[in-house]
Amino acid sequence: MQISKRERNILTMAGVVALVFVGSNVLPRLQNLYVARNETIESVQLDIEREQRLIENTASWRERRVEVESMIAELETQIFEGETIPIVEANIQRALSQHARDSGITVSSTRLAERVESPHWLLISQEMSFRTDEAANSVSFLQKMQDSAPRLRVTDFSLSRSRNQYSGSITVVGFARSEGLPGDSEPGR
């Protein structure tokens, strides 16, 4: 059976139409599947790399956590506590006076404590005048401030000599948490 020229043209035209159909419908779908598969592979590779970095960094994150926890514990020992704000102020004044006595310093006078409150913290400033017979006592006194727990931070210090005696003043600040601390009856302090 012989195919005529007309039948051959029809078959050629059907083949061209089939190729156009495959080219316009099937190839883009196959290409989209290929691109989607490559994107999925890249995403999985990125996830694997991220997991490997997390596994590698686990030890350093544990070390950092231990460091932060120890810093928090250390900072907790540096804040003053008390049932009320006046008690916290009295604790700061008592600690300051005790360090002065332990250093051989005589307290001349103390001013009323001043405070600055924020939503969560309370800063209490205490000023004290003192005198001593030896200048080395003031160095010991300052060292006790630095080593104190709860921490008293020196914000101002002056020392002068007159005859055989040294006199000076010191201002220290202490911190306390203000949450749950009732104040005193003096408004504006």
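The values are calculated or read from the model by the stated rules, or taken from the named source; none is laboratory data. None of these values were measured; they are calculated from a predicted model. Cβ coordinates were reconstructed from backbone atoms using ideal geometry, including for glycine residues, and neighbour counts include every protein chain displayed.
Can you find, within segment 135-159, the residue that is surrounded by the fewest Cβ atoms within 10 Å (Cβ to Cβ) among those that are in contact with a Phe, Trp or Tyr (Cβ under 7 Å, 6 or more places away or on another chain) and of a type in the set (Gly, Ala, Ser)?
For segment 135-159, the residue satisfying everything is ALA135.
Restricted to segment 98-134, and to residues that are closer than 14 Å to SER169 by Cβ and aliphatic (A, V, I, L, M), which residue is surrounded by the fewest Cβ atoms within 10 Å (Cβ to Cβ)?
Ranking the candidates gives VAL107 first.
Being outside the structural domain of GLY168 (by TED's automatic domain parsing), surrounded by 11 or more Cβ atoms within 10 Å (Cβ to Cβ) and either modelled with pLDDT under 90 or of a type in the set (Phe, Trp, Tyr) (or both): is that true of LEU19 here?
no
Pairs under 6 Å by beta carbon, first residue assigned by TED's automatic domain parsing to the domain that holds GLU114 in segment 155-171, partner among the basic types (Lys, Arg) and in a strand (DSSP E or B), six or more apart or different chains?
Qualifying pairs under 6 Å: GLN165/ARG131; SER167/ARG131.
So, VAL44, is that one at pLDDT below 85, over 20 Å from the mean Cα position of the chain (by Cα), assigned to a helix (DSSP H, G or I) and not small (Gly, Ala, Ser) or not?
When the stated conditions are applied, VAL44 does not pass them.
Say whether the condition of being touching a residue at least 12 places away in the same chain (Cβ under 8 Å) and within 28 Å of ALA176 (Cβ to Cβ) is met by at least one residue in segment 55-71.
No; the residues of segment 55-71 include none that is touching a residue at least 12 places away in the same chain (Cβ under 8 Å) and within 28 Å of ALA176 (Cβ to Cβ).
Being closer than 30 Å to MET145 by Cβ, part of a helix (DSSP H, G or I) and not hydroxyl-bearing (Ser, Thr, Tyr), is that true of even one residue in segment 47-66?
yes
Just one of ALA90, ALA95, ALA36, ALA73 is exposed (fewer than 10 other Cβ atoms within 10 Å of the Cβ) and part of a helix (DSSP H, G or I); which is it?
When all the criteria are applied, what remains is ALA73.
If I filter segment 114-139 down to residues being closer than 18 Å to ILE85 by Cβ and in a loop (DSSP other than H, G, I, E, B), which single residue comes out as nearest to the chain's Cα centre (by Cα)?
HIS120
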